[in-house]
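S.K.: Have a look at the structure that comes next, please.
The values are calculated or read from the model by the stated rules, or taken from the named source; none is laboratory data. Note that the structure is predicted; figures quoted are calculated from it, not measured. Every residue, glycine among them, receives a Cβ derived from its backbone with ideal geometry; neighbour counts consider all protein chains shown. Remember, those area values only see protein heavy atoms, side chains included, never the ligands or the DNA or RNA. Shrake-Rupley method; radii C 1.70, N 1.55, O 1.52, S 1.80 Å.
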Amino acid sequence: MKIAFYDTRPYDMLWFDPLLKEADIEPQYIQNRLDKNTVGYAHEADAICIFVNDHCDKEVIERLDEMNIKLVLLRCAGYNNVDLKCCEKHGIKVYRVPAYSPAAVAEYAVAMLLSLNRKVYKAYGRTRNFNFNIDGLIGFDMRGKTAGIIGTGKIGQMAIEILKGFGMEVIAYDLYPNKDLDVEYVDLPQMYARADVISLHCPLTPETKYIIDRGAIKRMKKNVILINTSRGELIETRALIDGINDGIIGGVGLDVYEDEEDYFYEDWSDKIMKDRDLARLITFPNVIVTSHQAFLTSEALHQIAQTTIDNVHSYLNDEETPNRVIAPEY
Ligand code: NAD
């Protein structure tokens, strides 16, 4: 069997190679992202393996079908970049890695929160220049403050556990509240009125696109810290920028950005940044932007590779698995 891996980085090969060898699967590593122009690179493959910013849309899917490729393996949890209905129509099966390391992402969200609150990123910049002044680095105690978690799935639950460990009061919102979870569920207006910190852990769906919009931001507590390690389009960027300018939002940690695909994972340090909103966000002193790296731990990379190989076996043996992604009924 041959699998074409799109948007691959050296770390992907490091974790996939030994497992692929063991499973007798031949990899074709492609650095480009999947789109209508690059889909043809996979013409000799039996399956494609894609990541968060690959485009598996109608045009790509029709071409996959022509090339008799009936298997799409996502090496990530989110699947908003795949037209599932179209895949179904063409008899293409889609599998994902739903939980490679919820801890990796939850811990990263909290790392962003701590860094923003206690200004670690600013302090580091100062002491690198032998500036040991601590003016302007005041944070707040997390203990006793309120954290709002939107999306209480695997990652959200981990975040709740960690934040409770800090002695925070944690409130949550989910379309499908989990009765077994020891957390107070509230509606979104209540969360915005009460939370000192809000962290997003729901998937990107038609309902969650711009869940944080202008109206939501207006309801938030002054100086709230907002963390997004989920998907960029959960936040309306222009409204976020205005919320920061208006002094409502006190800190923002973005590991994802709504138009990230042209920039994230690439070195733009020698080029002109064309995206004005991203450039503006990066200039704010209370915003941290990172390049969709919350998943990046060795445990998560191993799990991504292992689950992807398991998904291939499930496909080949026609076994049922919860990792199969079926088109939702919207
Ligand atoms: P999950 O499926 O376990 O949990 C998602 C939760 O969101 C579920 O409880 C679900 O009921 C809830 N939800 C669905 N629709 C909702 C809505 N309209 N409003 C509120 N809640 C809603 O997923 P997970 O493993 O916890 O991952 C969450 C998200 O994190 C993924 O969808 C992905 O976008 C993102 N993610 C990011 C990275 C990264 O590196 N930055 C890595 C992995 C996952």
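S.K.: Test of understanding: what is the full-extension gain from Asp180 to Ile138, defined as 0.36 nm times their sequence separation minus their Cα-Cα distance?
M.R.: Full-extension gain reported as 11.4 nm.
S.K.: Could I ask something else about it? Checking understanding here: applying a Kyte-Doolittle mean of at least -1.0 and a length along the axis of at least 15 Å (C-alpha), which whole DSSP H helices in the chain pass?
M.R.: Span-like helices here: 10-22, 102-118, 154-165, 298-316.
S.K.: In whole Å, what three semi-axes, largest first, describe the equivalent ellipsoid of the chain built from its Cα gyration tensor (square root of 5 times each eigenvalue)?
M.R.: Ellipsoid half-lengths, sorted descending, are 36, 22, 19 Å.
S.K.: Over 23 Å between Cα atoms: which of Lys145/Lys222; Lys70/Lys209; Lys119/Lys222 fall into that group?
M.R.: Over 23 Å Cα-Cα: Lys70/Lys209.
S.K.: When you count, for each residue, the other Cβ atoms within 10 Å and take the mean per peptide, how do 17-25, 170-178, 196-204 rank with the highest first?
M.R.: The densest-packed peptide leads the list: 196-204, 170-178, 17-25.
S.K.: Okay, next question. Let me check against my output: what whole-number percent is the relative contact order of the range 102-289, with C-alpha pairs under 8 Å and at least 6 apart?
M.R.: Relative CO of the range 102-289 lands at 19 percent.
S.K.: Then there's this: Going from most exposed to least, what order do Ile282, Ile288, Ile272 have by accessible area with a 1.4 Å probe?
M.R.: Ranked list, largest accessible area first: Ile272, Ile282, Ile288.
S.K.: Using a 10 Å cut-off on Cβ atoms, rank the peptides 95-106, 130-141 from the highest mean neighbour count down.
M.R.: My ranking of the peptides, most packed first, is 95-106, 130-141.
S.K.: Any chance you could run the full-extension gain for Ile272 through Ala23? It's 0.36 nm times the residue separation minus the Cα-Cα distance, nm to one decimal.
M.R.: Result for the pair: 85.3 nm of gain on full extension.
S.K.: From the C-alpha coordinates alone, can you work out the Kirkwood hydrodynamic radius of the range 102-289, in Å?
M.R.: It works out to 17.0 Å.
S.K.: Another question, then. Suppose R0 equals 30 Å; then what is the FRET efficiency for Lys209 and Arg9 from their Cβ-Cβ distance, rounded to the nearest 0.05?
M.R.: Using R0 = 30 Å, I get an efficiency of 0.60.
S.K.: So, counting K/R as plus one and D/E as minus one, what does the shell of residues with Cβ under 12 Å around His43 add up to?
M.R.: Local charge sum for His43: -1.
S.K.: Let me ask you something else. Hey, what do the phi angles of the range 318-325 turn into as Karplus ³J(HN,Hα) couplings, whole Hz, using 6.51/-1.76/1.60 and θ = phi - 60°, x for Gly and Pro?
M.R.: Result, ordered by residue: 6, 8, 6, 8, x, 7, 5, 9 Hz.
S.K.: By its C-alpha gyration tensor, with a ≥ b ≥ c as the square roots of the eigenvalues, how is the range 236-302 shaped: rounded for a/c under 1.5, else prolate for a/b larger than b/c, else oblate?
M.R.: Cα axes put the range 236-302 in the oblate bin.
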